[in-house]
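Q: Sharing a structure here in structure tokens format.
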Amino acid sequence: METKSVRDLMVPISTTSTVTRDTTLFEAVHAFDRAGQAGSERGHAPRNVLVVDDRGRPLGKLSDLDVMRSLEPAYQHVGDLRTTNLSGMSSGFLRSMLQGFHLWQDPLGALCEKAAGIRVADIDYMPISDPVLHEDDPLSMAIHLMVTGRHSSLLVMNKEGGKAVGVLHRSDVFMEVRNRILACERPA
């Protein structure tokens, strides 16, 4: 893996779909669509877009889960689902949460109106913080950070660390790992 660097697989910042804090959720979903069209050339669609300030500097990542969570305001009463591990919870318990917190009571047909009235600034998206990658980091560093932090993408900075130059998507890293495994001879 050491023969490739983060630079080899990152999506340049100039071609990354971005939104600002003033963007409506409706417009942000269109940015996801643009990212998906670009991602289909690589065989997948990214699960987030970059939130930037008015000068284009990265502030955070808006994920597909952030979009869905923002459409149901009652999730604010459930707690911080990012830090809660629900994997051991029974299906019955998760169903009781849906009813107990009155989640998703509005019909899905109202999504257009909801999406037009929500701004990215109102959404609890993931701020850009550590970890970030540098363009010359080996892919092994990216894999380590993605596995331990469960990141779907990581911001890539230039060598000096002062300027964002790209985004590395977990799906691109996985495709590299997948392709290398598929190229192997079957072990005996």
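Q: Does region 69-81 contain at least one residue that is within 14 Å of the chain's Cα centre (by Cα) and at pLDDT 85 or above?
A: So far as region 69-81 goes, no, none of its residues is within 14 Å of the chain's Cα centre (by Cα) and at pLDDT 85 or above.
Q: Does Val132 satisfy being in contact with a helix residue (DSSP H, G or I) (Cβ under 8 Å, 6 or more places away or on another chain), closer than 20 Å to Thr15 by Cα and either among the hydroxyl-bearing types (Ser, Thr, Tyr) or surrounded by 14 or more Cβ atoms within 10 Å (Cβ to Cβ) (or both)?
A: Values: in contact with a helix residue (DSSP H, G or I) (Cβ under 8 Å, 6 or more places away or on another chain): no; closer than 20 Å to Thr15 by Cα: yes; either among the hydroxyl-bearing types (Ser, Thr, Tyr) or surrounded by 14 or more Cβ atoms within 10 Å (Cβ to Cβ) (or both): yes.
Considered against the rule, which asks whether it is in contact with a helix residue (DSSP H, G or I) (Cβ under 8 Å, 6 or more places away or on another chain), closer than 20 Å to Thr15 by Cα and either among the hydroxyl-bearing types (Ser, Thr, Tyr) or surrounded by 14 or more Cβ atoms within 10 Å (Cβ to Cβ) (or both), Val132 comes out as no.
Q: Another question, if that's okay. Do we find a residue being under 17 Å from Thr16 (Cβ atoms), of a type outside the set (D, E, K, R) and either surrounded by fewer than 15 Cβ atoms within 10 Å (Cβ to Cβ) or modelled with pLDDT under 90 (or both) anywhere in region 172-186?
A: Taking region 172-186 first, the residues under 17 Å from Thr16 (Cβ atoms) are 172-173.
When the remaining residues are screened for being of a type outside the set (D, E, K, R), the result is 173.
Retained after the next criterion (residues that are either surrounded by fewer than 15 Cβ atoms within 10 Å (Cβ to Cβ) or modelled with pLDDT under 90 (or both)): none.
Checking region 172-186: not a single residue is under 17 Å from Thr16 (Cβ atoms), of a type outside the set (D, E, K, R) and either surrounded by fewer than 15 Cβ atoms within 10 Å (Cβ to Cβ) or modelled with pLDDT under 90 (or both).
Q: Could you look through region 144-163, keep only residues that are in contact (Cβ under 8 Å) with a residue 12 or more places away in the chain and either among the charged types (D, E, K, R) or part of a loop (DSSP other than H, G, I, E, B) (or both), and pick out the one that is surrounded by the most Cβ atoms within 10 Å (Cβ to Cβ)?
A: Of all residues in region 144-163, those in contact (Cβ under 8 Å) with a residue 12 or more places away in the chain come to 145-146, 149, 151-159, 161.
Retained after the next criterion (residues that are either among the charged types (D, E, K, R) or part of a loop (DSSP other than H, G, I, E, B) (or both)): 151-152, 158-159, 161.
On the way: His151: 19, Ser152: 17, Asn158: 13, Lys159: 10, Gly161: 9.
Result: His151.
Q: Has region 117-129 got at least one residue that is within 18 Å of Arg47 (Cβ to Cβ), surrounded by 12 or more Cβ atoms within 10 Å (Cβ to Cβ), at pLDDT below 90 and out of contact with any helix residue (DSSP H, G or I) (no Cβ under 9 Å at 6 or more places or on another chain)?
A: Yes, region 117-129 contains at least one residue that is within 18 Å of Arg47 (Cβ to Cβ), surrounded by 12 or more Cβ atoms within 10 Å (Cβ to Cβ), at pLDDT below 90 and out of contact with any helix residue (DSSP H, G or I) (no Cβ under 9 Å at 6 or more places or on another chain).
Q: Something else about it: When you look at Phe32, is it farther than 24 Å from Met146 by Cα, assigned to a helix (DSSP H, G or I) and either among the aromatic types (Phe, Trp, Tyr) or modelled with pLDDT of 90 or more (or both), yes or no?
A: Values: farther than 24 Å from Met146 by Cα: no; assigned to a helix (DSSP H, G or I): yes; either among the aromatic types (Phe, Trp, Tyr) or modelled with pLDDT of 90 or more (or both): yes.
Considered against the rule, which asks whether it is farther than 24 Å from Met146 by Cα, assigned to a helix (DSSP H, G or I) and either among the aromatic types (Phe, Trp, Tyr) or modelled with pLDDT of 90 or more (or both), Phe32 comes out as no.
Q: Sticking with this one: Looking at (1) farther than 12 Å from Arg7 by Cβ; (2) surrounded by fewer than 19 Cβ atoms within 10 Å (Cβ to Cβ), which is the one condition that is false for His169?
A: Condition (2) is where His169 drops out.
The values are calculated or read from the model by the stated rules, or taken from the named source; none is laboratory data. These figures come from a predicted structure and were not determined experimentally. Backbone-built Cβ (ideal geometry, glycine too); neighbour counts: all protein chains shown.
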